[in-house]
Amino acid sequence: MRRRVRVFAAYLIWIIATAVVAAPASATQEGHFDRTLSVTGAVDLTVQTGSGNIAVKPGDSNKMEIHATIHANHSWLNGDASSRINDIEVNPPIEQNGSTIRIGHFDDRDRERGISINYEVIVPAQTKLHSESGSGDETIDGIAGPVRAVRASIPAAARFARWELRAA
């Protein structure tokens, strides 16, 4: 009987020690970036995120502000999340071609593996928007539109816009 108790106690200590050692490997890491783009006239904007929130609200007519918070759950399965966060901070997924702007598109899908990005985008009121989120909230407020918001999960929220919402 005592031998069973000792074996069980040793097994329990081993489980606790393994959990303590593994805890730092699953810690959440965070980064961010902020960009301001000059625009003139109506903006044609696409914002997408596989995981994360999208918030779009009106601002100045001659600029667009992008504020992003990057989250990663570091694990052995996701590789080196801190270097990918740093890479996204230095080279954010923003493309501008005149008044057409695309945010959150990754050509290399591994770059965003295990990463979640929340976007807050302040745009001219005369913005045409297409937003797409795999999971996370989408809040669109006070732009003229049209607005097309696509979600893989719970419906998006929009106010004061001509909009189309589609749950994928």
Given 48, 149, 36, which one lies farthest toward the positive end of the charge dipole of the stretch 28-167, if we put +1 on the Cβ of every Lys and Arg and -1 on the Cβ of every Asp and Glu?
149
Here, the stretch 28-167 modelled as identical Cα point scatterers in vacuum has Debye log10 I(q)/I(0) at q = 0.13, 0.17, 0.21 Å⁻¹ of -0.53, -0.87, -1.24
What order do you get for 116, 83, 135 when you list them from fewest to most C-beta neighbours inside 10 Å?
83, 135, 116
Just rank 127, 40, 139, fewest to most, by other beta-carbon atoms within 10 angstrom.
40, 139, 127
Could you compute the net charge surrounding residue 85? Neighbours are other residues with a C-beta less than 14 Å from the C-beta of residue 85; K and R count +1, D and E count -1.
-3
Counting only other residues whose beta carbon sits under 10 Å from that of residue 67, what net charge do I get with K and R as +1, D and E as -1?
-2
Which net charge results when you count Lys and Arg as +1 and Asp and Glu as -1 among the other residues whose beta-carbon is under 14 Å from that of residue 135?
-3
Between residue 35 and residue 80, what's the calculated FRET efficiency when r is the beta-carbon distance and R0 is 30 Å? Round to 0.05.
0.80
In what sequence do 82, 133, 38 fall when counting other Cβ within 10 Å, fewest first?
38, 82, 133
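Taken together, the values in this text are just the output of simple stated rules run on the coordinates, not laboratory data. Everything numeric in this text was worked out from a predicted model, so none of it was measured. A quick note on method: Cβ atoms are made from the backbone with ideal geometry, for glycine too, and the neighbour counts reach across all protein chains shown.
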